[in-house]
Every structure is written in structure tokens, then in C-alpha cells.
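Encoded as C-alpha cells, the structure appears first; notes follow it.
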Amino acid sequence: AVPAGGVAAQDTNGIPADLKPIVSTLNQIVASLTNLAMSPPEKKQMGQITQAVSILLAKLNTGQIAGEVGQQALQLAQAVAARDYAAALQIHKAMVAKEWDKHKDWLKGIKNLVVLAKKYGS
């Protein structure tokens, strides 16, 4: 079950220290978006977003995401947090071009996160 205002608590102890900011950054963005009044299609997107964040964090925690992909995920999260949505979308586009086959399970939802964060200024 997902608590009100955020992503379900999950084990993030295995995430390397340099990638830890992804956890708090994405959870904060999801929490702020969750509290907004949204249209039904946006609520559906929020479901995809929370699932994508959960998958991303789980993969980071188990070492399935590391190296360049981990750094790109960190840069993307930091860009959204800084409200630099153009940069976030550029990073996402580059990741989709190179990493879609391996990481499409979370990349799609993360794009929705960027789009909704941009719309609502989270």
C-alpha cells in the first residue's frame, strides 16, 4: 500500500551513496504532485509515476542500475528538482535512445513525472 502523499516505503540501503539523492528528490516530487487536484487521466499517470519511481529505486538498490545510467537518473532527478524541465527532458530523451530496452519499465513513468512536474511547477 502506498501511504498518502508518496511512494511506498522501500529498502534503499543498497543504493550507492553518490546516487542516494535520487531517493529523496523523486520521493519529494511525487509527494508534492500526489497532493494536487488532478484530472482522471493525470491521476492515472500518477499511478504510473509512483510505479516507475518504485521500480527505479528497487533497481538502484539491487545494483541493476549503476554507472552512466545511474548518473543520468541522478542528473534527471536534480534537473526536475531545480525546475529545469528542458534539461530533464533532454536527459530522458538520451536515456530512451540508449537504454529503452533495458529500462523502459521505469523510463516511461519518469517522463510523466517530468511532464506533470512541469505543468504544476513541483
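Starting from region 15-35, keep only residues that are without any contact (Cβ under 8 Å) to a residue 60 or more places away in the chain and outside any helix (DSSP H, G or I), then list their pairs with residues that are surrounded by 15 or more Cβ atoms within 10 Å (Cβ to Cβ) and not aliphatic (A, V, I, L, M) whose Cβ atoms are within a distance under 7 Å, requiring at least 6 positions of separation or different chains.
ILE15/ASN61
Limited to region 36-80, what total is found for residues that are within 19 Å of TYR120 (Cβ to Cβ) and among the charged types (D, E, K, R)?
Here the count works out to 3.
Six or more apart or on different chains, Cβ atoms under 6 Å: show the pairs whose first residue is in region 102-122 and free of Cβ contacts under 8 Å to residues at least 60 places away in the same chain and crowded, with 18+ Cβ neighbours inside 10 Å and whose second is among the polar types (S, T, N, Q) and part of a helix (DSSP H, G or I).
Here the result reads none, with nothing in region 102-122 linked to a residue that is among the polar types (S, T, N, Q) and part of a helix (DSSP H, G or I).
Identify the residue in region 65-94 that is modelled with pLDDT under 95 and outside any helix (DSSP H, G or I) and, among all such residues, is nearest to LEU113 (Cα to Cα).
ILE65
Which one is surrounded by the most Cβ atoms within 10 Å (Cβ to Cβ), of the residues in region 54-67 that are of a type outside the set (S, T, N, Q) and more than 16 Å from the chain's Cα centre (by Cα)?
GLY63
Counting just the residues of region 1-53 that are among the acidic types (Asp, Glu) and open to solvent by 30 Å² or more (accessible area, probe 1.4 Å), which one comes out modelled with the lowest pLDDT?
ASP11
With LYS43, LYS108, LYS93, LYS102 as the choices, which residue is of a type in the set (Lys, Arg) and within 26 Å of ALA17 (Cβ to Cβ)?
Sole residue among the options that is of a type in the set (Lys, Arg) and within 26 Å of ALA17 (Cβ to Cβ): LYS102.
The values are calculated or read from the model by the stated rules, or taken from the named source; none is laboratory data. Treat the numbers as computed from the prediction; the structure is a model and nothing was measured. Reconstructed Cβ throughout: ideal geometry from the backbone, glycine too, with neighbour counts over all protein chains shown. Just so you know, the surface numbers come from the protein's heavy atoms only, side chains and all, with ligands and any DNA or RNA stripped out. Shrake-Rupley method; radii C 1.70, N 1.55, O 1.52, S 1.80 Å.
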